[in-house]
1. Of the residues 154, 128, 100, 112, which single one is surrounded by fewer than 20 Cβ atoms within 10 Å (Cβ to Cβ) and modelled with pLDDT of 95 or more?
2. Taking into account only those residues within region 340-358 that are surrounded by fewer than 16 Cβ atoms within 10 Å (Cβ to Cβ) and assigned to a helix (DSSP H, G or I), which is modelled with the lowest pLDDT?
3. Could you run through region 130-144 and say how many residues are closer than 20 Å to residue 91 by Cβ and within 34 Å of the chain's Cα centre (by Cα)?
4. Do we have any residue at all in region 103-113 that's in a helix (DSSP H, G or I) and either at negative phi or in contact with a helix residue (DSSP H, G or I) (Cβ under 9 Å, 6 or more places away or on another chain) (or both)?
5. For residue 75, which of the numbered conditions (1) part of a helix (DSSP H, G or I); (2) closer than 30 Å to residue 126 by Cα; (3) in contact (Cβ under 8 Å) with a residue 12 or more places away in the chain fails to hold?
6. Would you please name the residue that is surrounded by the fewest Cβ atoms within 10 Å (Cβ to Cβ), looking only at residues in region 31-53 that are within 19 Å of residue 165 (Cα to Cα) and touching a helix residue (DSSP H, G or I) at 6+ places or on another chain (Cβ under 7 Å)?
7. Has region 34-54 got at least one residue that is on the phi > 0 side of the Ramachandran plot and touching a residue at least 24 places away in the same chain (Cβ under 8 Å)?
8. From the list 232, 218, exactly one residue is assigned by TED's automatic domain parsing to the domain that holds residue 381, closer than 30 Å to residue 32 by Cβ, at pLDDT below 95 and buried (at least 22 other Cβ atoms within 10 Å of the Cβ). Which is it?
């Protein structure tokens with residue numbers, strides 16, 4: 001028997017004539033995630049992906065990386081044998097011998113090739129009787145101690161015991177490119193993760209007020225991106241100094257409207273970066289009503305500053321929903337660490353909650369908008385952030 005990784009996907013199967021593109025992208029993403037780990041070829045076979053493994057493969061590390069790849073419904077470390085009853089029984093006997101003692105079991109056999117002489121139910125009965133003779137264990141269809149999976153695909157049969165849950169969603173790179181405004185808090189990393197899961201390639205922009213605030217917000221964002229990059233191989237980060245924009249707003253605009261104007265300028269700068277980077281939309285971590293700038297009226301007013309679409313995947317989630325996902329993906333513990341982000345600078349005591357676009361335009365009348373946006377763009381820095389799989393230890 002030869003050991004392989006058997007990768008299943010569900011949503012990709014619904015893509016019709018575009019399915020080949022999604023499969024090819026998933027295949028590329030698996031190869032990228034496993035780069036540096038010993039494995040052989042990766043190829044498509046019978047509506048599945050196969051990763052050929054060599055001698056003594058690092059199964060735990062391979063599994064950890066496969067769990068971060070969007071588009072995978074589940075995967076298994078399987079053994080492959082010829083699709084013949086005798087070979088299947090011999091392989092199943094080896095699998096049984098390596099499973100330790102058990103009192104009950106179930107056979108889950110699937111015939112993916114109609115030319116195979118037995119259907120799925122007949123396979124279950126035949127192989128169940130075979131295992132029962134070997135072990136004297138009881139067949140139990142509900143809550144068995146052990147399940148033995150058998151898949152017949154073409155001229156091959158795949159045998160395995162454990163099926164691991166994948167990340168689901170669509171392969172990274174199939175949903176277009178977006179630019180996410182990431183603060184280092186709890187919400188924006190989760191919003192970015194949500195878009196990644198729908199196949200988007202996410203680039204990031206972070207606004208900071210260094211040296212007027214500490215550099216910690218930038219370091220936090222980079223640590224968060226080392227986690228998020230595990231889901232898309234690597235990430236591009238734009239670091240934009242924002243203190244000069246804030247000083248101009250504080251000097252020339254009403255105090256109650258500062259945060260709204262901060263966010264309008266952030267969107268303008270982000271839109272310019274998105275257009276340059278060929279990103280089709282912006283992403284924010286807004287959740288309706290969570291803070292003063294995220295009332296419906298203020299969201300409308302802030303959005304009116306730009307023409308590019310803005311995705312807000314958390315808009316209907318409450319904080320507990322968001323925290324639950326942040327914990328699951330491993331960003332929560334970093335996000336809650338104290339830091340000074342740019343929005344903590346010059347924050348008014350009583351922020352406006354019902355600002356109209358016309359009020360915002362009037363408040364911005366004394367600002368040289370084009371110059372402020374261009375100066376911030378000119379001073380921005382670009383970095384590449386690589387994945388660090390050790391940071392998701394125990395999270396998946």
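The values are calculated or read from the model by the stated rules, or taken from the named source; none is laboratory data. This one's a predicted model, so the numbers in the text were calculated from it and none came from an experiment. All Cβ positions, even for glycine, are placed from backbone atoms using ideal geometry, and neighbour counts span all protein chains on display.
1. Working: 154 fails: modelled with pLDDT of 95 or more; 100 fails: modelled with pLDDT of 95 or more; 112 fails: modelled with pLDDT of 95 or more.
Only one candidate qualifies: 128.
2. Filtering first and then ranking leaves 344.
3. Number of matching residues: 1.
4. Within region 103-113, the subset in a helix (DSSP H, G or I) is none.
Looking through region 103-113, none of the residues is in a helix (DSSP H, G or I) and either at negative phi or in contact with a helix residue (DSSP H, G or I) (Cβ under 9 Å, 6 or more places away or on another chain) (or both).
5. With respect to (1) part of a helix (DSSP H, G or I); (2) closer than 30 Å to residue 126 by Cα; (3) in contact (Cβ under 8 Å) with a residue 12 or more places away in the chain, residue 75 is out only on (1).
6. So, considering only residues that are within 19 Å of residue 165 (Cα to Cα) and touching a helix residue (DSSP H, G or I) at 6+ places or on another chain (Cβ under 7 Å), the one surrounded by the fewest Cβ atoms within 10 Å (Cβ to Cβ) is 47.
7. So in region 34-54, the residues on the phi > 0 side of the Ramachandran plot come out as 36, 46-47.
Applying the additional criterion that residues be touching a residue at least 24 places away in the same chain (Cβ under 8 Å) yields 46-47.
Within region 34-54, one or more residues are on the phi > 0 side of the Ramachandran plot and touching a residue at least 24 places away in the same chain (Cβ under 8 Å).
8. Values: 218 fails: buried (at least 22 other Cβ atoms within 10 Å of the Cβ).
When all the criteria are applied, what remains is 232.
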